[in-house]
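Participant: Questions regarding the structure given below will be posed in turn.
The values are calculated or read from the model by the stated rules, or taken from the named source; none is laboratory data. Every value quoted in this text rests on a predicted model; they were computed, and no experiment measured them. Here Cβ is always computed from backbone atoms with ideal geometry, including for glycine, and neighbour counts include all displayed protein chains.
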Amino acid sequence: MDLRHCVIPAAGLGTRFLPATKALPKELLPVLDRPVIQWAVEEAVAAGAREMVVVISDGKELIQQHFSPQPALEQLLEQRGKVAELEAVRRSDHLASFVWVRQDRPLGLGHAVLCAAEAVGGLPFMCMLPDDLSYGPVPVLTQLIDAYSEYHTPILALKRVPREQISRYGCAAIAESHGRVHRLSAVVEKPQPQDAPSDLAIMGRYVLTPDIFDALRDTAPGTGSEIQLTDGIGALIGAGAVHGVEFTGELLDVGTPAGWLATNARLALDHPGLSAALRAAMVLVTA
């Protein structure tokens, strides 16, 4: 398999976090000791990706700076003997190679993925939304790669959600199942609960084949007058098999203020250097 690329759409405006994201991209909001997007890149690298194709828009240049060397900062840390901090700063520079692609207009997730076509070329690729953080012994992208190595088809991450929540997600209709791997018969973008073909939501992790780009070029604007990735994947189902993996572990929300706060608290409870401080703060709040 030549799955060297991971496409990371990061061009959104981050309106849910305003005014914090007026100048700071939401992808740089910290989760514990590193920004949201670095967690995403680390998951992709763990799954075998070597080249990140990050789709950004005007005003998102700070993301690019985060993954670029900062000689003045590194020199200062070195002079002050801050070895651990220096290693942490340098780590983000050497995680992978990066290609930066512009999305000039907010035309939807499908359009953002299409913007990466030239950088990816004719190869299969991973794709992930940094709004969710993988939590569990086996990263979600790695589980999708394992399925791709067997089926060699597009692979989607699936999770069962309560019916009343399915309208927040794309939804998968199932043709047949083999354990936690399902062959899909259709996908529907944000259906109403009474219209949803299943309770399996499409989450923000994919392995896609290069024919998705032609499908997206032919995809008309859908929900929200945007080009939906779900609609492009639906076109692929008409031409061949598409599978979904009902993954183990969790995807923790960092794309909303409430989810971001809960994720920070949950990870801090497991962190050897932060758990005691968080528990002490919780005692003070509840006293």
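Participant: Kindly indicate the residue of region 255-265 that is surrounded by fewer than 16 Cβ atoms within 10 Å (Cβ to Cβ) and in contact (Cβ under 8 Å) with a residue 60 or more places away in the chain and also nearest to the chain's Cα centre (by Cα) among those meeting that condition. So that I can check it myself, show each step before the final result.
Facilitator: Going through region 255-265, the residues surrounded by fewer than 16 Cβ atoms within 10 Å (Cβ to Cβ) turn out to be 256-258, 261-262, 265.
With in contact (Cβ under 8 Å) with a residue 60 or more places away in the chain added as a condition, the list becomes 256-257.
Details: T256: 14, P257: 17 Å.
Among those residues, the one meeting the criterion is T256.
Participant: Residue by residue through region 1-20, note down the ones that are farther than 18 Å from R205 by Cβ and of a type in the set (D, E, K, R).
Facilitator: D2, R16
Participant: Moving on. Could you please find all residues in region 203-227 being in contact with an Asp or Glu (Cβ under 9 Å, 6 or more places away or on another chain) and modelled with pLDDT of 90 or more?
Facilitator: Within region 203-227, M203, G204, R205, A215, L216 qualify.
Participant: Where residues in region 266-277 are within 18 Å of V36 (Cβ to Cβ) and out of contact with any helix residue (DSSP H, G or I) (no Cβ under 7 Å at 6 or more places or on another chain), which of them is surrounded by the most Cβ atoms within 10 Å (Cβ to Cβ)? Outline the logic, then answer.
Facilitator: Initial filter on region 266-277 (within 18 Å of V36 (Cβ to Cβ)): 266-268, 270-271, 274.
With out of contact with any helix residue (DSSP H, G or I) (no Cβ under 7 Å at 6 or more places or on another chain) added as a condition, the list becomes 266-267, 270-271.
On the way: R266: 15, L267: 19, D270: 10, H271: 15.
Applying the filter and picking the extreme gives L267.
Participant: For region 51-98, which positions are charged (D, E, K, R) and touching a Cys at 6+ places or on another chain (Cβ under 9 Å)?
Facilitator: Going residue by residue through region 51-98, those that are charged (D, E, K, R) are 51, 58, 60-61, 74, 78, 80, 82, 85, 87, 90-91, 93.
Matches in region 51-98: E51 only.
Participant: Further question: How many residues, within region 230-263, are in contact with a strand residue (DSSP E or B) (Cβ under 8 Å, 6 or more places away or on another chain) and closer than 19 Å to D214 by Cβ?
Facilitator: As a first pass, look at region 230-263 and keep what is in contact with a strand residue (DSSP E or B) (Cβ under 8 Å, 6 or more places away or on another chain): 230-231, 233-234, 237, 241-247, 249-255, 259-260, 262-263.
Then keep just the ones that are closer than 19 Å to D214 by Cβ; that gives 230-231, 233-234, 237, 241-242.
Counting residues in region 230-263 that are in contact with a strand residue (DSSP E or B) (Cβ under 8 Å, 6 or more places away or on another chain) and closer than 19 Å to D214 by Cβ gives 7.
Participant: Test each condition in (1) closer than 23 Å to I37 by Cβ; (2) out of contact with any strand residue (DSSP E or B) (no Cβ under 7 Å at 6 or more places or on another chain); (3) surrounded by fewer than 21 Cβ atoms within 10 Å (Cβ to Cβ) for I227 and report the one that comes out false.
Facilitator: Looking at each condition in turn, I227 falls short on (3).
Participant: Is it true that some residue in region 184-195 is surrounded by 21 or more Cβ atoms within 10 Å (Cβ to Cβ), in contact (Cβ under 8 Å) with a residue 12 or more places away in the chain, farther than 13 Å from G110 by Cα and in contact with a Gly (Cβ under 6 Å, 6 or more places away or on another chain)?
Facilitator: Yes, some residue in region 184-195 is surrounded by 21 or more Cβ atoms within 10 Å (Cβ to Cβ), in contact (Cβ under 8 Å) with a residue 12 or more places away in the chain, farther than 13 Å from G110 by Cα and in contact with a Gly (Cβ under 6 Å, 6 or more places away or on another chain).
Participant: I've got another one for you. Which count do you get for residues in region 28-73 that are at positive phi and touching a Phe, Trp or Tyr at 6+ places or on another chain (Cβ under 6 Å)? Step through it out loud before you land on a result.
Facilitator: Taking region 28-73 and keeping what is at positive phi, we get 32, 48, 59.
Among the residues that remain, those that are also touching a Phe, Trp or Tyr at 6+ places or on another chain (Cβ under 6 Å) are: none.
Residues flagged as at positive phi and touching a Phe, Trp or Tyr at 6+ places or on another chain (Cβ under 6 Å) within region 28-73 amount to 0.
Participant: Can P137 be described as closer than 22 Å to R266 by Cα, loosely packed, with under 14 Cβ neighbours inside 10 Å and either without any contact (Cβ under 8 Å) to a residue 40 or more places away in the chain or not basic (K, R) (or both)?
Facilitator: Working: closer than 22 Å to R266 by Cα: yes; loosely packed, with under 14 Cβ neighbours inside 10 Å: yes; either without any contact (Cβ under 8 Å) to a residue 40 or more places away in the chain or not basic (K, R) (or both): yes.
Yes; evaluated as a whole, the condition is true for this residue.
Participant: Taking the residues in region 188-215 that are within 19 Å of the chain's Cα centre (by Cα) and of a type in the set (A, V, I, L, M) as candidates, determine which candidate is farthest from Y135 (Cα to Cα).
Facilitator: At the first step, the residues of region 188-215 found to be within 19 Å of the chain's Cα centre (by Cα) are 189-190, 200-210, 212-213.
Applying the additional criterion that residues be of a type in the set (A, V, I, L, M) yields 200-203, 207-208, 212.
Values: L200: 19, A201: 18, I202: 17, M203: 14, V207: 19, L208: 22, I212: 28 Å.
Among them, the one singled out is I212.
Participant: Now for a different question. When you look at A172, is it in contact (Cβ under 8 Å) with a residue 24 or more places away in the chain, in contact with a helix residue (DSSP H, G or I) (Cβ under 9 Å, 6 or more places away or on another chain), buried (at least 17 other Cβ atoms within 10 Å of the Cβ) and of a type in the set (A, V, I, L, M, F, W, C), yes or no?
Facilitator: Values: in contact (Cβ under 8 Å) with a residue 24 or more places away in the chain: yes; in contact with a helix residue (DSSP H, G or I) (Cβ under 9 Å, 6 or more places away or on another chain): no; buried (at least 17 other Cβ atoms within 10 Å of the Cβ): yes; of a type in the set (A, V, I, L, M, F, W, C): yes.
It is false that A172 is in contact (Cβ under 8 Å) with a residue 24 or more places away in the chain, in contact with a helix residue (DSSP H, G or I) (Cβ under 9 Å, 6 or more places away or on another chain), buried (at least 17 other Cβ atoms within 10 Å of the Cβ) and of a type in the set (A, V, I, L, M, F, W, C).
Participant: From (1) assigned to a strand (DSSP E or B); (2) modelled with pLDDT under 95, pick out the condition that doesn't hold for C127.
Facilitator: Checking C127 against (1) assigned to a strand (DSSP E or B); (2) modelled with pLDDT under 95, the one that fails is (2).
Participant: With the condition being aromatic (F, W, Y) and either exposed (fewer than 13 other Cβ atoms within 10 Å of the Cβ) or at pLDDT below 90 (or both), I'd like the helices (runs of 4 or more DSSP H) fully within region 30-89 carrying at least 3 qualifying residues. Please lay out each step first, then the result.
Facilitator: Working: elements: 36-46, 61-66, 71-79.
Where helices (runs of 4 or more DSSP H) fall fully within region 30-89, none carries at least 3 residues being aromatic (F, W, Y) and either exposed (fewer than 13 other Cβ atoms within 10 Å of the Cβ) or at pLDDT below 90 (or both).
Participant: Now for a separate question. Being assigned to a strand (DSSP E or B) and charged (D, E, K, R) is true for just one of E176, E164, E150. Which residue is that?
Facilitator: Numbers: E164 fails: assigned to a strand (DSSP E or B); E150 fails: assigned to a strand (DSSP E or B).
That would be E176, the only listed residue that is assigned to a strand (DSSP E or B) and charged (D, E, K, R).
Participant: Filtering region 223-254 down to residues that are under 23 Å from V161 (Cα atoms) and assigned to a loop (DSSP other than H, G, I, E, B), which residue is nearest to the chain's Cα centre (by Cα)?
Facilitator: Step by step, filter region 223-254, then rank; the result is V254.
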